[in-house]
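Take a look at the structure below.
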Amino acid sequence: MTHRRDSGPSDETRAVHGGERRPGPEGSLVFPIYQSTVYASRRNIPPEDIDYIRLSNTPSQRYLHDKLAALEGADAAIATASGMSAMTTVLTAFLRSGDHLVAAEGLYGGTYAYLDQHIERLGLRHTFVDAQRPDAWEAAITPDTKMFLVESISNPMMRIPHLEEVVAFGRQRGLITVIDNTFATPINFKPLALGFDVCFHSATKYLNGHSDLVAGCVVGDRSTIQAVRKALTHVGGSLDPHAGFLLARGLKTLALRVRSQNENASRLAEFLSAHPRVESVCYPGLLSHPDHERGVGLMSGFGGMLSFRLADATDEQVEEVLARLQVAYVATSLGSVETLVTRPAATSHASLTPEQRERVGITNDLVRVSCGIEGSEDLIADFDQALG
Ligand SMILES: Cc1ncc(COP(=O)(O)O)c(C=O)c1O
């Protein structure tokens, strides 16, 4: 697969050098942690520009924002206290009471739960649509519809929505198009280049990549990020500089990690597809995946996530296979250097009703794998022995 590139340095170079101060303070190559919550006042500045940690404008925060923006090819970025904080702040920034949004079915369980259980009390309404069926979107639009919210790769079925059509539809109908790019990462896909207005991440996952912090971010043009920053200041989900330091450190190896994870997922998907105990594998890199062609057109890698089903296995048999894994951890998160395996019906999507899960294909025997950066041969051998 060729790596699509916009103009400018490669993703590897951006990850290391993007946003860096050259040289940093005192000649430092590593930008230090400025933990001070407040800074001696400059004279005659507007209140929103006072350097204060919750306003996300202190030195370590600004440095991190420049690095995040460089990676997504964006004008601006802002870090948040979690991926959920990024999503809720985007909604706060751009929607007001009475507004309606259209969202892709099968969004991450936390996002789904927020839309399903909270926003109505805030005066907002939503309709879920099948992101694979552009012909069905028009019916969901109301005069109050303001936003279209999708994910670049869906969890856990690894579907790639009609993203070009989402952008075109949004433009035609005057909607703000918002995408959660956590699964694809900017290494595999840069949504702003395709025309999305707002892109956000759970940086807890791939962007940091080491299972040791919780963070999020939003990227977009300057006025978009200004609006998000204003909402974030009032909602209060800014990122602490200490966590930001770890995130910036993780970002430097993002391209290397993601390319290795792409490779591991691709090889593991091939192996599992040929295994007699495996009924089916969902990985967009496989020719058999319904969105393979779309992925080739849109992305420079198919990501490190896959899911599979065992043939004729009870819940206990699936659990037994997971319990035998020795390299991979059975753990719910994703995007880390370790391979993580989970059963979405029992974990990430447990809050959905059985009918809701059924509709998006999340059966009890579905297993999701977030490939780490271990050797492919070791991973394959681990799954081989676990499958017995
Ligand atoms: C696709 C996606 N978006 C958003 C989130 C929320 O991120 P966080 O846990 O950092 O709040 C998650 C968490 O699993 C996720 O998988």
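Values in this text are rule-based calculations from the coordinates and carry no lab data. Computed from a prediction, not measured in an experiment: that's the story for all the values here. Cβ placement follows ideal geometry from the backbone for every residue including glycine, while neighbour counts extend to all protein chains displayed.
The rows are residues; the columns are (1) of a type outside the set (Lys, Arg); (2) surrounded by fewer than 17 Cβ atoms within 10 Å (Cβ to Cβ); (3) under 19 Å from the mean Cα position of the chain (by Cα).
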{"position": "Asn44", "(1), (2), (3)": "yes, yes, no"}
{"position": "Asp51", "(1), (2), (3)": "yes, no, no"}
{"position": "Leu55", "(1), (2), (3)": "yes, no, no"}
{"position": "Tyr63", "(1), (2), (3)": "yes, no, no"}
{"position": "Lys67", "(1), (2), (3)": "no, no, yes"}
{"position": "Leu71", "(1), (2), (3)": "yes, no, yes"}
{"position": "Asp99", "(1), (2), (3)": "yes, no, no"}
* To do: Consider Thr92 carefully, then state whether it is within 16 Å of the ligand (Cβ to nearest atom), under 19 Å from Val178 (Cα atoms) and surrounded by fewer than 21 Cβ atoms within 10 Å (Cβ to Cβ).
  => yes
* Can you find a residue in the stretch 256-278 that is among the aromatic types (Phe, Trp, Tyr) and within 30 Å of Arg14 (Cα to Cα)? -> no
* Asked: Out of the stretch 189-221, which residues are within 9 Å of the ligand (Cβ to nearest atom) and not hydrophobic (A, V, I, L, M, F, W, C)?
  -> His201, Ser202, Thr204, Lys205, Gly216
* To do: Could you tell me whether any residue of the stretch 33-41 is of a type in the set (A, V, I, L, M, F, W, C) and either surrounded by 18 or more Cβ atoms within 10 Å (Cβ to Cβ) or within 16 Å of the ligand (Cβ to nearest atom) (or both)?
  => no
* Asked: Which of the residues spanning the stretch 248-262 are of a type outside the set (A, V, I, L, M) and in a helix (DSSP H, G or I)?
  -> Arg249, Gly250, Arg257, Arg259, Ser260, Gln261, Asn262
* To do: Could you check the stretch 47-124 for helices (runs of 4 or more DSSP H) lying wholly inside it with 2 or more residues that are of a type in the set (Lys, Arg)?
  => 59-72
* **The listed residue being surrounded by 16 or more Cβ atoms within 10 Å (Cβ to Cβ), closer than 23 Å to Asn188 by Cβ and of a type outside the set (Lys, Arg), out of Gly335, Gly297** => Gly335
* Restricting the first residue to the stretch 339-353 and requiring it to be under 16 Å from Met305 (Cα atoms), which pairs with a second residue that is within 11 Å of the ligand (Cβ to nearest atom) and basic (Lys, Arg) meet a Cβ separation below 8 Å and a spacing of at least six or different chains? -> Val341/Arg368; Thr342/Arg368; Arg343/Arg368; Pro344/Arg368; Ser348/Arg368
* Asked: Do any residues in the stretch 282-303 that are more than 10 Å from Ile153 (Cβ to Cβ) have Cβ atoms under 8 Å from those of residues that are among the hydroxyl-bearing types (Ser, Thr, Tyr) and part of a loop (DSSP other than H, G, I, E, B), where the two are at least six apart or on different chains, and which pairs are they?
  -> His289/Tyr283; Ser300/Thr2
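Conditions tested, residue by residue: (1) farther than 24 Å from Ser370 by Cα; (2) more than 15 Å from the chain's Cα centre (by Cα); (3) surrounded by fewer than 22 Cβ atoms within 10 Å (Cβ to Cβ).
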position	(1), (2), (3)
Asp75	yes, yes, yes
Asp116	yes, yes, yes
Thr127	yes, yes, yes
Asp130	yes, yes, yes
Ala139	yes, yes, yes
Met147	yes, yes, no
Val150	no, no, no
Val166	yes, yes, no
Phe169	yes, yes, yes
* **Test set (1) of a type in the set (A, V, I, L, M, F, W, C); (2) part of a helix (DSSP H, G or I); (3) more than 18 Å from Thr363 (Cβ to Cβ) - Leu272 fails condition number** => (3)
